[in-house]
Structure formats: C-alpha cells, structure tokens
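Undergrad: Right, I'll just put the structure down here and ask away after.
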Amino acid sequence: MRRKLLTAAARVLPSAAFARLHCLAKLGYWPDLDAPETFTERLLAKRVRDRDPLIALTADKFTLRGYVQERLGDDYLPRLYAVVESAADIDVTKLPSEYVMKGTHGSGWNRIVTGSDLTDEQARALAAGWLASSYYWKRREWAYRDLTPRVVFEENLLPGKPIDDYKVFTFGGVARLIQVDRDRFTDHRRSLYTPEWRALAVACEYPLLGTSVSAPARLDEMLWAAAKLAEPFAFARVDFYSLPERIVVGEVTHYPDGGVVRFEPRGFDLELGRVWGEGRPVAEAFLAP
C-alpha cells in the first residue's frame with residue numbers, strides 16, 4: 001500500500017516535496033535538502049537540483065556505451081548484438097542463444113536469456129511494455145525523464161553461472177566504498193568494503209553475505225576505471241562485473257535505491273554523507289571486527 005501511495009504521489013507533488021516524502025516514508029526522517037548532511041539528503045539534493053546533461057547521458061544504458069568507449073576504450077563493454085526503438089524490429093533468430101535484453105531508459109528492466117528460451121512474441125511483448133513506460137514517474141529521478149526509450153541485446157557474460165556485482169561509490173571521482181551484490185534473483189545479499197578491501201559492519205538494504213568475499217583479481221583496474229568514468233560527478237556509483245580475463249562496466253548510477261538508502265546501523269547514512277562532504281575515507285569505527 002505504501003509503495004502505491006508513493007507512486008501516486010510522484011505524479012502530483014513537486015519534485016522536492018516528493019523527495020522529502022520519499023525519505024520520510026522509507027527512513028522515517030524529513031530530509032534537509034538546503035543544507036544536506038546525510039548521504040540520502042545529498043543524493044536527494046542531487047536528484048532534485050543537479051541538471052548536468054552528463055548525468056542523463058550516463059544513466060542511459062545505450063548512450064553510456066559511447067561514454068565508456070571515449071573514456072576507457074572498447075575493452076570494458078559487453079558485446080552489443082542489437083538495439084531497437086520499436087518492438088516490431090526484434091528478431092531473436094538473429095541473436096546468439098545466450099544474451100541479456102535490457103530497457104535502456106530505466107532500472108531493473110532486464111531479461112537474461114539462456115538456451116534461446118525467449119520467442120519473438122515474448123521478446124516483443126516484454127519490449128513493448130518497457131518502451132511504453134517512463135521510469136521517471138516511479139520516483140521522479142531526473143536522469144530518466146527525457147531518455148529515448150530503447151531496448152538493447154548484449155552479451156551474456158557468464159551464461160549459466162552466478163556472477164557478483166561490484167558497485168564502486170565515488171565522490172568527486174575518488175572511490176570510497178565498494179558494494180558487492182550476490183544472488184540478486186534468488187537470495188539477494190550484499191556487503192560493503194573499503195577500496196583497500198576491508199569489510200564494513202554495515203548492511204545496506206539486504207542481509208550481509210554470510211561469508212567473506214575475496215577481492216576481485218583486477219581490483220586496482222576497477223578502481224582506476226571507476227575514477228575515470230566518475231571524474232565529472234560529485235557522486236556516482238559505477239558498477240562492474242569481474243570476469244577471468246577482463247572487467248566489464250555494467251552501468252553508472254546517480255541515485256542508488258532512488259536516492260533513499262537504508263543502512264544498518266542507521267548512523268552510517270550520516271557517516272557516508274560526511275565522507276561525501278569532507279572528501280575523506282569511511283571512519284574505521286565502521287570496519288568489521
């Protein structure tokens with residue numbers, strides 16, 4: 001019920017008023033967007049006020065590809081098989097048996113295909129729904145407001161195998177935090193690490209991973225790539241996949257969890273806001289024992 005009310009409110013309230021209501025409903029406090037201190041307050045201030053065109057360009061999963069090519073080269077992207085703006089243009093017979101289908105103008109519009117288990121009719125129906133939708137109206141995230149609706153078909157990086165997501169939080173182009181997501185579609189768990197790969201005693205939206213995670217083999221390269229891509233932004237989260245032979249950029253996110261992030265302990269919201277504002281590492285008090 002609360003989610004439906006928020007969705008309805010997103011369509012009628014001014015952006016700043018909705019941002020405050022969103023934070024109150026999820027985290028229980030009324031955010032100060034004029035003098036933001038917490039991480040969520042700073043994210044919401046960015047969501048409401050920052051209109052840098054690069055934010056929209058990098059939020060779009062298709063135009064992001066050109067940005068990554070310009071900054072890093074071709075080696076950091078999944079192979080692109082097709083891009084369409086009309087569902088009628090989809091022909092899955094021209095695709096490999098393993099691929100990922102994505103809506104480029106929103107978040108969470110993904111379909112992992114293995115063994116050619118998606119027909120033309122199914123793919124067109126799925127694409128038609130995405131193409132007719134505006135993700136902007138879900139949480140008023142400005143980056144998605146004017147994006148051209150498209151669907152891309154890209155390389156399935158490790159068909160049939162689980163793959164961890166590494167999400168690098170950068171502030172002013174400096175990596176300060178790495179989020180590791182595992183089993184997103186079955187038993188989603190998440191842990192946080194410093195760039196030196198020290199675990200934090202902090203949960204973020206999902207339960208902690210039950211075991212320690214080894215640093216990815218190309219951690220230094222990942223941090224370098226994140227810094228290159230995030231350099232123009234006060235904050236950006238750059239997402240990667242680590243493969244045996246390379247790292248691949250997944251996306252650039254400007255408003256994680258829509259800009260309202262739940263941490264446990266709750267005090268980490270203020271701590272990460274200070275990391276942003278003061279340009280410093282996460283305090284050692286939040287490291288895991």
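Undergrad: Do any residues in the range 27-40 that are of a type in the set (A, V, I, L, M) have Cβ atoms under 9 Å from those of residues that are surrounded by 14 or more Cβ atoms within 10 Å (Cβ to Cβ) and assigned to a loop (DSSP other than H, G, I, E, B), where the two are at least six apart or on different chains, and which pairs are they?
TA: Leu27/Thr38; Leu27/Val260; Leu27/Val261; Leu27/Arg262
Undergrad: The conditions are (1) in contact (Cβ under 8 Å) with a residue 60 or more places away in the chain; (2) in contact with a Lys or Arg (Cβ under 8 Å, 6 or more places away or on another chain), and Pro289 fails exactly one of them. Which is it?
TA: So Pro289 meets the others, but not (2).
Undergrad: Same structure again: Where residues in the range 147-161 are crowded, with 19+ Cβ neighbours inside 10 Å, in contact with a Leu (Cβ under 7 Å, 6 or more places away or on another chain) and among the hydrophobic types (A, V, I, L, M, F, W, C), which of them is farthest from Ala128 (Cα to Cα)?
TA: Among those that are crowded, with 19+ Cβ neighbours inside 10 Å, in contact with a Leu (Cβ under 7 Å, 6 or more places away or on another chain) and among the hydrophobic types (A, V, I, L, M, F, W, C), it is Phe153.
Undergrad: Residue by residue through the range 44-66, note down the ones that are within 18 Å of Gly106 (Cβ to Cβ) and not acidic (Asp, Glu).
TA: Hits for the range 44-66 are Arg47, Ile55, Ala56, Leu57, Thr58, Ala59, Lys61, Phe62, Thr63, Leu64, Arg65.
Undergrad: Another one. Can you name the condition, by its number, that Gln179 falls short on among (1) closer than 22 Å to Leu44 by Cβ; (2) in a helix (DSSP H, G or I); (3) in the same structural domain as Val282 (by TED's automatic domain parsing)?
TA: Going through (1) closer than 22 Å to Leu44 by Cβ; (2) in a helix (DSSP H, G or I); (3) in the same structural domain as Val282 (by TED's automatic domain parsing) one by one, Gln179 breaks only (2).
Undergrad: Next question, about the same structure. Just to be sure before I move on: is Val275 under 19 Å from the mean Cα position of the chain (by Cα), surrounded by 13 or more Cβ atoms within 10 Å (Cβ to Cβ) and of a type in the set (A, V, I, L, M) in the structure I sent?
TA: The answer is no for Val275.
Undergrad: Restricting the search to the range 1-27, which residues are closer than 18 Å to Ser134 by Cβ, outside any helix (DSSP H, G or I) and of a type outside the set (Lys, Arg)?
TA: Val12, Leu13, Pro14
Undergrad: Tyr136 passes all but one of (1) in contact (Cβ under 8 Å) with a residue 40 or more places away in the chain; (2) in contact with a helix residue (DSSP H, G or I) (Cβ under 9 Å, 6 or more places away or on another chain); which number fails?
TA: The failed condition is (1).
Undergrad: In the range 28-145, which strands (runs of 3 or more DSSP E) lie fully inside it and hold 3 or more residues that are more than 17 Å from the chain's Cα centre (by Cα) and not acidic (Asp, Glu)?
TA: Per the criteria, 80-84.
Undergrad: Taking the condition of being out of contact with any strand residue (DSSP E or B) (no Cβ under 6 Å at 6 or more places or on another chain) and either in a loop (DSSP other than H, G, I, E, B) or hydrophobic (A, V, I, L, M, F, W, C) (or both), how many residues in the range 228-248 meet it?
TA: 8
Undergrad: If a residue has to be aliphatic (A, V, I, L, M) and closer than 19 Å to Val238 by Cα to count, how many in the range 149-167 make the cut?
TA: The number of residues fulfilling the criteria is 2.
Undergrad: Now for a different question. Among Glu196, Glu154, Glu205, Glu231, which is at pLDDT 95 or above and within 15 Å of the chain's Cα centre (by Cα)? Before the answer, list the steps.
TA: Details: Glu196 fails: within 15 Å of the chain's Cα centre (by Cα); Glu154 fails: within 15 Å of the chain's Cα centre (by Cα); Glu231 fails: within 15 Å of the chain's Cα centre (by Cα).
Testing whether each residue is at pLDDT 95 or above and within 15 Å of the chain's Cα centre (by Cα) leaves just Glu205.
Undergrad: Okay, next question. Assess whether Leu192 counts as being free of Cβ contacts under 8 Å to residues at least 40 places away in the same chain, among the aliphatic types (A, V, I, L, M) and outside any loop (DSSP other than H, G, I, E, B). Working first, answer last.
TA: Values: free of Cβ contacts under 8 Å to residues at least 40 places away in the same chain: yes; among the aliphatic types (A, V, I, L, M): yes; outside any loop (DSSP other than H, G, I, E, B): yes.
Answer is yes for this residue.
Undergrad: Hey, Arg11 hits all of (1) of a type in the set (D, E, K, R); (2) closer than 16 Å to Val261 by Cα; (3) at pLDDT below 95 but one; which does it fall short on?
TA: (2)
Undergrad: Please go through the range 101-123 and give me each residue that is within 30 Å of Ala225 (Cβ to Cβ) and surrounded by 18 or more Cβ atoms within 10 Å (Cβ to Cβ), ordered by number.
TA: Hits for the range 101-123 are Met101, Lys102, Gly103, Thr104, His105, Gly106, Ser107, Trp109, Arg111, Val113.
Undergrad: Look at Ala16 and say whether it is among the aliphatic types (A, V, I, L, M), in the same structural domain as Leu219 (by TED's automatic domain parsing), surrounded by fewer than 19 Cβ atoms within 10 Å (Cβ to Cβ) and in contact with a His (Cβ under 9 Å, 6 or more places away or on another chain).
TA: So Ala16 does not fit the description; no.
The values are calculated or read from the model by the stated rules, or taken from the named source; none is laboratory data. This structure is a prediction, so every number in the text was calculated from the model and none was measured. Neighbour counts run over all protein chains shown; Cβ positions are idealised from the backbone, glycine included.
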